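Notes follow once the structure below has been shown.
The values are calculated or read from the model by the stated rules, or taken from the named source; none is laboratory data. Given the structure is predicted, the values throughout are model-derived calculations rather than measurements. SASA here: full protein model, heavy atoms, side chains in, ligands and nucleic acids out. Shrake-Rupley method; radii C 1.70, N 1.55, O 1.52, S 1.80 Å.
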Amino acid sequence: MTLRPVNPDDIPAFHAVMMAAGMDPRSSWVRTTPADLERSLLAPGSGGFLAVGAGEVLGCVGYRPDGDRTLTLNKLATVPQARRLGVGRALVREVEHVARMGGYGRVLLAVSQFNLDVLPFYDRLGYTVTDELYAHAHPDSPAPVVLVKAVRAEESAPDRPIPPPSDKDAP
């Protein structure tokens with residue numbers, strides 16, 4: 001598996017992975033359009049990654065700056081057949097690396113009330129629930145659970161290998 005930054009031509013594949021992830025139809029996630037992704041992933045300071053294996057896209061993640069101190073992780077998804085192979089963990093770690101290299105002090109994310117079964121995954125990665133409000137919550141959806149993780153700046157970490165997967169990794 002390799003991770004690579006998202007480019008404009010990747011928007012359809014990124015969207016397809018999100019839709020294949022099987023999110024509850026009540027979630028605002030399922031209303032995300034390719035145009036929404038383009039605005040989100042290609043905005044200044046924002047970006048994302050695709051996980052690719054055997055020529056197919058296995059997962060995706062986005063990120064965006066929220067002030068000087070916070071990088072927000074969003075749109076993490078893996079295709080069902082790639083679950084528990086370390087894809088989600090590798091994508092989260094890549095966003096954490098972006099945060100460190102960008103001088104952010106923390107990574108924040110929000111989990112839909114319709115997707116709470118992923119909370120143990122984030123707990124294993126060191127994220128903790130906070131009472132902060134999520135600035136990007138969809139007004140037609142219940143308030144999400146907000147999680148944060150402190151990150152330390154790195155001097156540099158070129159060509160970091162992707163750690164091997166573990167059975168405990170999901171989504």
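Per residue, how much accessible surface does the chain expose to a 1.4 Å probe? Answer in Å², no decimals.
Each residue of the chain exposes 51 Å² on average to a 1.4 Å probe.
Can you give me the Cα centroid spacing of the stretch 18-71 and the stretch 132-147 in angstrom?
First find each Cα centre; the distance between them is then 16 Å.
Summarise the accessible area of the chain (1.4 Å probe, protein heavy atoms) by the percent that is carbon and sulfur. Walk me through the numbers before you get to the answer.
Numbers: 4690 of 8760 Å².
On the chain, the fraction of accessible area on carbon and sulfur atoms equals 54 percent.
Using alpha-carbon pairs under 8 Å, 6+ residues apart, how would you state the relative contact order of the stretch 1-135 in percent?
23 percent
By what distance, in whole Å, do the Cα atoms of the stretch 94-153 stretch along each of the three principal axes, largest value first?
Ordered largest first, the stretch 94-153 gives principal extents of 35, 23, 19 Å.
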